[in-house]
Amino acid sequence: MFNLIRRDAIIQKRQLLLFIPFIIFFIVMNSHPALIFMVASIIIPFNAYAYDEKAETNILLNSLPYTRKEIIASRYIGAIVYMGISIGLTSLGLLVFDKPFTLTDLAIGSGLFLAFVAFTFPLFYIFRGKITTVIMISFIILAAVLPPFVSFLAKHLTIITDLIASLSTSALYTGVAVVIVLLYAVSWGVTTSIYQRKAF
Amino acid sequence: MENVVELKGVAKNFKGFSVNNMNLQVKQGFVTGFIGANGAGKSTTIKMIMNLLKPDVGEVKIFGLDYATHEKAIKERIGFVYDGNVFFEGLNLKDIKRIVGPAYKKWDDALFYQYVEQFKLPLNKAIKTFSKGMQMKASLAVALSHHAELIIMDEPTAGLDPIFRRELLDLLQELMLDGSRTIFFSTHITTDLDRIADYIAFIQNGELVFTQSIHEVAETYALVKGGMDLLDRDTEKAFVHVHPAPTGFEALTDNIKAVNTIFGDSVVIERASLEEIMYYMKGRKSYV
Amino acid sequence: MQIILSNSSKEPIYEQITHQIKSSILSGDLKNGAALPSMRQLAKDLQISVITTKRAYEELEKAGFIYSIVGKGSFVAEQNLEVMRERKLKAIEEQLSAVIMNSKEIGLSLDELQQLLKILHEE
């Protein structure tokens, strides 16, 4: 299982070099920290998907001593692992560039990322082959319209975070966390059952 | 356990193509060649053996085990080589080893490097720069480095030059020195099999025509040549298919005894090659 | 042990092997108790399938020329000298019949033939 997760890093060796300038770009653009956390988390797991579609990876993985359950589990666990790493690196970047961020930003970023994963991962296996292009294009568009959008969003996010901060009780946080965890778990289950029915 | 692979009543339907009622056995310690025309169902069958495809009905047992309960244990003992490259093209062999190796409990680094050296493969060049033959060697090196008991290959010799094909056959024979090892490989180049195959499984239009030892094949099928005047509706029954020509007929029989009794010395009876068997079977009249 | 196979021969490969091993045994090239290469080794050396050497060894075993011990391999069986002598005699008879037939074809008399045999034998 660990080997499957590590695999994503090995395949993307070269792309990983782009990872740091990419994050720095977002930091320099003064994007909202929560957004940077989310975007940074997305890169590795989703790029791994793009790779897997190119080569006949599913044939390879399914011929190795792995079960289909494990292959999907490695995706979902891997997403969390790479999110942790990305958030760590991003925090470091933010510190280096002396941009302030809060734990709330971090929580919102990772929450958004996990929700994003929960929605998109099943789609990858439903529309195999096309979905990467769709996601990559929307991602580029997102990046293009980001700067004007970000300043707008930044204000709003601050308002939202302020709002939540003012309203919040630990119960509210827990509630949101529980919803995301549930979403993630359901998504995991759905993807596993889709994948188990696949023919290669 | 005599049969390493056992398919019982396996069927799989696709749009416009199906594999029907497949009963296939692959015997331990031998080389079984899987022959059939392109599109006959060889790859589909191999995919079902590898659990890449699940049959609609029927039972697939590998090493006597079921995929539903022993998937990992089964795949641990299989080495596979597919027609195309299944590795990430941009990676070099070292990285591929880093990905594939840890998947197996019995992975043997020393053995892997020994094959890499034997096949003269570069460790630090991307797979996409490899020639077809080198890609095949790379797959083979990976497939052989975890002491697999069953080696499954889908068209391993397709697109390879005769010299490398020969080297591959030598290597396979060396592997067979270990009596517990079994090789199952599909091919449409039947001459590969003349040398090393112990058993032949022949598939046609999604149906297994026979699985026989090469001796049974040689004793069952023969090529018969003779004058056209010998043929009539009765005598033709001894043949699977007849190819008539003004200079005389050539036919495939699956009943050498009958041909001997009917024609005696008036015809020439020769051993039929696998290619000839495949060719004449294709032209055969429907099962009457 | 030398075995030379012909792909163009009408004789099946396994029979070519049994014949050649038999004659090696009968001629004394392969002595009693001598170990034969394993089926798999022989298959590799001859570049033929395992099942072919397996069949050849089975036939040799059936005919009493070799015996196999599980896990140890195959060995040349002790040949009954009496039987071997008889076999040789039979072979000689056959060869002589051919000689007689050939002699008759060119009108060679029995005396002349005996003369010839005597000269050759003394050489």
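For residues in the range B:101-112 being facing chain A (nearest Cβ under 10 Å) and more than 27 Å from B:Glu6 (Cβ to Cβ), which is most open to solvent (accessible area, probe 1.4 Å)? By that ranking, first place goes to B:Pro102.
Suppose the filter is of a type in the set (Val, Ile, Thr), within 14 Å of chain B (Cβ to nearest Cβ) and farther than 22 Å from A:Gly189 by Cβ; does A:Ile71 pass it?
Details: of a type in the set (Val, Ile, Thr): yes; within 14 Å of chain B (Cβ to nearest Cβ): yes; farther than 22 Å from A:Gly189 by Cβ: no.
Judged against the criteria, A:Ile71 is not a match.
Mind counting the residues in the range C:25-61 that are in a helix (DSSP H, G or I) and surrounded by fewer than 19 Cβ atoms within 10 Å (Cβ to Cβ)? Let's see the steps before the verdict.
Step one: of the range C:25-61, the residues in a helix (DSSP H, G or I) are C:25-26, C:39-46, C:50-61.
Imposing the further condition that a residue be surrounded by fewer than 19 Cβ atoms within 10 Å (Cβ to Cβ) reduces the set to C:26, C:41, C:45, C:58-59, C:61.
Summing the residues that are in a helix (DSSP H, G or I) and surrounded by fewer than 19 Cβ atoms within 10 Å (Cβ to Cβ) in the range C:25-61 gives 6.
B:Ala141 falls short on exactly one of the conditions (1) touching a residue at least 60 places away in the same chain (Cβ under 8 Å); (2) more than 11 Å from chain C (Cβ to nearest Cβ), and that condition is (1).
Quick test for you: out of B:Glu207, B:Glu250, pick the one residue that is touching a residue at least 12 places away in the same chain (Cβ under 8 Å) and over 30 Å from B:Asn3 (Cβ atoms).
Values: B:Glu207 fails: over 30 Å from B:Asn3 (Cβ atoms).
Matching residue, one of B:Glu207, B:Glu250: B:Glu250.
Going by what's in this entry, would B:Ala126 be described as hydrophobic (A, V, I, L, M, F, W, C) and crowded, with 22+ Cβ neighbours inside 10 Å? So B:Ala126 does not fit the description; no.
Does B:Ala272 qualify as being small (Gly, Ala, Ser), touching a Leu at 6+ places or on another chain (Cβ under 7 Å) and either closer than 30 Å to B:Arg165 by Cβ or open to solvent by 30 Å² or more (accessible area, probe 1.4 Å) (or both)?
yes
Does at least one position in the range C:70-80 carry a residue that is surrounded by 10 or more Cβ atoms within 10 Å (Cβ to Cβ), more than 18 Å from the chain's Cα centre (by Cα), closer than 30 Å to B:Leu172 by Cα and not basic (Lys, Arg)? Don't jump to the end; show me each part of the working.
As a first pass, look at the range C:70-80 and keep what is surrounded by 10 or more Cβ atoms within 10 Å (Cβ to Cβ): C:73-80.
Restricting the remaining residues to those that are more than 18 Å from the chain's Cα centre (by Cα) gives C:73.
Okay, now just the ones that are also closer than 30 Å to B:Leu172 by Cα, so C:73.
Among the residues that remain, those that are also not basic (Lys, Arg) are: C:73.
Yes - at least one qualifying residue is present in the range C:70-80.
Which residue is farthest from the other protein chains (Cβ to nearest Cβ), if the candidates are limited to the range B:179-212 and must be out of contact with any Ser or Thr (no Cβ under 9 Å at 6 or more places or on another chain) and open to solvent by less than 40 Å² (accessible area, probe 1.4 Å)? Among residues in the range B:179-212 that are out of contact with any Ser or Thr (no Cβ under 9 Å at 6 or more places or on another chain) and open to solvent by less than 40 Å² (accessible area, probe 1.4 Å), the one farthest from the other protein chains (Cβ to nearest Cβ) is B:Gln204. Against the numbered list (1) under 15 Å from the mean Cα position of the chain (by Cα); (2) crowded, with 22+ Cβ neighbours inside 10 Å; (3) of a type in the set (Lys, Arg), B:Lys12 comes up short only at (1).
For the range A:25-58, taking the residues that are more than 20 Å from B:Asn85 (Cβ to Cβ), open to solvent by 60 Å² or more (accessible area, probe 1.4 Å) and part of a helix (DSSP H, G or I), the one that is farthest from the other protein chains (Cβ to nearest Cβ) is identified as A:Val28.
Would you mention how many residues in the range B:204-230 are within 14 Å of the chain's Cα centre (by Cα) and closer than 15 Å to B:Ile269 by Cβ? Break it down stepwise before answering.
Taking the range B:204-230 as the starting set, the residues that turn out to be within 14 Å of the chain's Cα centre (by Cα) are B:204, B:208-214.
Imposing the further condition that a residue be closer than 15 Å to B:Ile269 by Cβ reduces the set to none.
Summing the residues that are within 14 Å of the chain's Cα centre (by Cα) and closer than 15 Å to B:Ile269 by Cβ in the range B:204-230 gives 0.
Checking each residue in the range B:62-92 for being touching a Pro at 6+ places or on another chain (Cβ under 7 Å) and either more than 9 Å from every other protein chain (Cβ to nearest Cβ) or open to solvent by less than 40 Å² (accessible area, probe 1.4 Å) (or both) picks out B:Lys75, B:Glu76, B:Val81.
Residue-wise test of (1) outside the structural domain of C:Gly33 (by TED's automatic domain parsing); (2) of a type in the set (D, E, K, R); (3) touching a Phe, Trp or Tyr at 6+ places or on another chain (Cβ under 7 Å); (4) surrounded by 11 or more Cβ atoms within 10 Å (Cβ to Cβ).
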residue	(1), (2), (3), (4)
C:Ile66	no, no, yes, yes
C:Lys90	yes, yes, no, no
C:Gln95	yes, no, no, no
C:Ala98	yes, no, no, no
C:Asn102	yes, no, no, yes
C:Asp111	yes, yes, no, no
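The values are calculated or read from the model by the stated rules, or taken from the named source; none is laboratory data. Since the model is a prediction, treat every value here as computed from it, not as a measurement. Glycine also receives a Cβ, built like all others from the backbone with ideal geometry; neighbour counts cover every protein chain displayed. With ligands, DNA and RNA removed, areas are computed over all heavy atoms of the protein, side chains included. Shrake-Rupley method; radii C 1.70, N 1.55, O 1.52, S 1.80 Å.
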